[in-house]
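*Asks:* Supplied in structure tokens, the structure appears directly below.
The values are calculated or read from the model by the stated rules, or taken from the named source; none is laboratory data. Note that the coordinates shown come from a computational prediction; the quantities given were computed from them, not determined experimentally. Ideal geometry is used to build each Cβ from the backbone, glycine not excepted, and the neighbour counts take in all protein chains shown.
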Amino acid sequence: MTEAIIALTIAATMLLGSPGPATLSLAAVGATFGVYKGLHYLAGILLGLTCAMTGAVFGVATIFVQWPQAKLVVQVLGAIYLFYIAFKIATAPVLMNGEYSNEDMPGFRDGFVLNLLNPKAYAAFFVLFSQFLLPFETTPAQYFAASLVIFVVAIVVDCIWLVIGSAIRSFFPIPGRHEQRVCYLAYQLLLRQRGHC
């Protein structure tokens, strides 16, 4: 049992912790708004991940395998929403004290929708649930235990990405509008490059 938990933990860390829409947006939110202000967004990311995990358990990932058009629709919707969130981050007004306005900050709903439309999450769960179920006697227990381990891993890796973003924030001076646009473009290029891998 211990070996199975370790194997699942390592696989989940590699799949959920690698750069993707949710993790990179968490780093961007941390860099722009800080850890504390990014917690609502993180909670939305985790709830969206839970819904994606539940969907994967009930076969949504196999729908994507059998009907690539469905996956394409979700990818397009996810990309559009990702651009919307990136735009919100990049255009958040800077206040006089160097802080960003809370009104344009991505929140709980943004994180939830982003991860709900994140095809990387469904693909990761498809791999994890097909290869790394924990050895319990009943199938529901296997899926529940694996989901619990995966969720704990997701909390840890997503918090790390948020903290990394916040740590990067302290190395840069308060950006002006020009610097914000450059960061926005770099973020978009990174996401597009990641989408082609």
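*Asks:* For region 27-71: of the residues being aromatic (Phe, Trp, Tyr) and in a helix (DSSP H, G or I), which is modelled with the lowest pLDDT?
*Replies:* Out of the qualifying residues, it is 64.
*Asks:* Separate question: State the number of residues belonging to region 121-142 that are over 24 Å from residue 23 (Cα atoms), part of a helix (DSSP H, G or I) and of a type outside the set (Gly, Ala, Ser).
*Replies:* Of the residues in that region, 3 qualify.
*Asks:* Look at region 120-132 and say how many of its residues are surrounded by fewer than 21 Cβ atoms within 10 Å (Cβ to Cβ) and either touching a strand residue (DSSP E or B) at 6+ places or on another chain (Cβ under 7 Å) or touching a residue at least 24 places away in the same chain (Cβ under 8 Å) (or both).
*Replies:* The number of residues fulfilling the criteria is 6.
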